[in-house]
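Report on the structure given below.
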There are 2 protein chains.
Amino acid sequence: MRKRFCARHGKDYPCSCGMGNLYRFVEPVVLLLLKMKGTSYGYDLAADMEGHALTDTTIEKGVLYRTLRRLESNGNVKSEWESEGHGPARRIYKLTRQGEEHLEEWADVLEHLSKSMTRFVRDARKPAGKKVRATR
Amino acid sequence: MRKRFCARHGKDYPCSCGMGNLYRFVEPVVLLLLKMKGTSYGYDLAADMEGHALTDTTIEKGVLYRTLRRLESNGNVKSEWESEGHGPARRIYKLTRQGEEHLEEWADVLEHLSKSMTRFVRDARKPAGKKVRATR
DNA sequence: GCTTTATAGGTGTAACTCGCACCTATAGTA
DNA sequence: TACTATAGGTGCGAGTTACACCTATAAAGC
C-alpha cells in the first residue's frame, strides 16, 4: 500500500483517521446496493457507491472489482455476462441467498460497531474525567 | 497477516465481518484511555482495552506496543521509563497537546462513521425496496 | 476513414498492516 | 531453585490497499 494520504495530516504521516476505502467497508456497501438494485455491475456500482459509502473517501475501482470477484468466489453473489445493448459487455451481478444472509450479518456487526463508536465519541468529548493514576 | 479467523464463517473464508483489531481502532482507544487515565503504560492499557474496544475481538499485544511507538513518533504521546516500584520497568505514556487534538479529530471521524453505519443498518433491514433495473 | 470520448472490466506491484509465535528481563513467591 | 506475574518487546509470512496502467467496445465528431 502506498503511503495513505490523510486529508487532515498530509502525507508522510502514517495516520488512518482519513479511513481509506478498506474492503471491510466496500464489501457491505456492495451487498447493500445489490439488494436495493436487484442486479447491477461494477461500473454502475462505482457510481452509486459515493452516495452510500460509509466513509467519505472516493471508492477505488481496483478494490471494487476485486471485492466483487471475492464475493463471487465465496458464493455471496453470482454473475453473468450481458453483451446486448451498446458499449462493452457488462458482468451483471446478483445477490445469492447466502449473500442476503451475509448482508444481515454485516448489519448486526455494524450496528454493534456503531453503538461502540457513539459511546467512544461521548467519552472522548467528556471534559477529561478524574485522572486516575495507573494502578498496579 | 495470517488468515483472519471469523467466528461466523470459520477459517479459509476471507471475510472480515469479525473485524480484527486493526490499528485504526486500536489507535483511538489508546488515545481515549490515556486521556481518561492521565498516564498509563502498555501492559496496563492492554487490560483496559477490553472494556473500551470498539470491536469485541481481544486486543493483540504486538499491535498495541507498535501503536504506542507510532503515536510517539508522530508526537501524539510522549513516554519515559519508570523504574521505581516492584517488577520490571514500565514505559509511562502521556498524551501531548497534539495527541489531545488528534483524539478530537478521531471523535469527529468516528461520529460521522457511526451515523453512516446506522443509516446502513436501517437500509439493509428495509424489506428489499423496489428493484430498479440497472440503468445506463 | 480516423480520432476522441464514454463506457466497461480488469491487472501489477510496492508499501504497508496484522496476527501469531516467540523472546528477554525483573521481582516476588513456593 | 523453579515458578508465576509483570513488562516490553521483535520477526515474519500472509493479506490488503492505493495507484498506475492496460485492453476493449460503441458512439460521436471531424
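Taking square-rooted eigenvalues a ≥ b ≥ c of the alpha carbon gyration tensor, is segment B:21-112 rounded, prolate or oblate, where a/c under 1.5 means rounded and, failing that, a/b exceeding b/c means prolate? The shape class here is oblate.
Using a 1.4 Å probe and counting only protein heavy atoms, how much accessible surface gets buried when A and B come together, both sides summed, in Å² to the nearest 100?
Working: alone 10480 and 10450 Å², together 14930 Å².
For A against B, buried area totals roughly 6000 Å².
Shortest first and in nm with one decimal, please list how far the A:Gly75 label point sits from its counterparts in the other copies (point 7 Å along Cα→Cβ). Its label point is 5.3 nm from the equivalent points in the other copies.
Taking each residue of A:101-113 in turn, how many C-beta atoms of other protein chains fall within 10 Å of its C-beta, and what is the average? Don't jump to the answer; show the numbers that get you there.
Values: counts 1, 4, 3, 2, 6, 6, 8, 5, 9, 10, 7, 6, 10.
The mean count of partner-chain Cβ atoms within 10 Å per residue comes to 6.
What net charge do the residues around B:Thr96 carry, taking every other residue with its C-beta under 12 Å from that of B:Thr96, with Lys and Arg at +1 and Asp and Glu at -1? Could you put the intermediate results ahead of the total?
Working: positive: B:Lys35, B:Lys78, B:Lys94, B:Arg97; negative: B:Glu72, B:Glu100, B:Glu101.
Counting the neighbours of B:Thr96, the net charge comes to +1.
Chain B has one residue whose beta-carbon comes closest to the axis relating it to chain A; that residue and its distance in whole Å are B:Ser114, 2. Which links in A:Lys61/B:Lys61; A:Lys37/A:Lys126; A:Lys115/B:Lys61 stretch past 31 Å when you go from one Cα to the other? The pairs that break the limit, which is 31 Å between Cα atoms, are A:Lys61/B:Lys61; A:Lys37/A:Lys126. Mean per-residue shielding of peptide A:52-62 is 2, counting Cβ atoms of other chains within 10 Å of each Cβ. Plainly put, the tip 7 Å out from Cα toward Cβ on B:Thr118 is 0.5 nm from that tip on each other copy, the closest given first.
The values are calculated or read from the model by the stated rules, or taken from the named source; none is laboratory data. What you see is a predicted model; the values in this text were computed from it and never measured. Methodologically, a virtual Cβ is constructed for each residue, glycine included, from the backbone with ideal geometry; neighbour enumeration extends over all protein chains shown. Note: areas computed on protein heavy atoms with side chains; ligands, DNA, RNA excluded. Shrake-Rupley method; radii C 1.70, N 1.55, O 1.52, S 1.80 Å.
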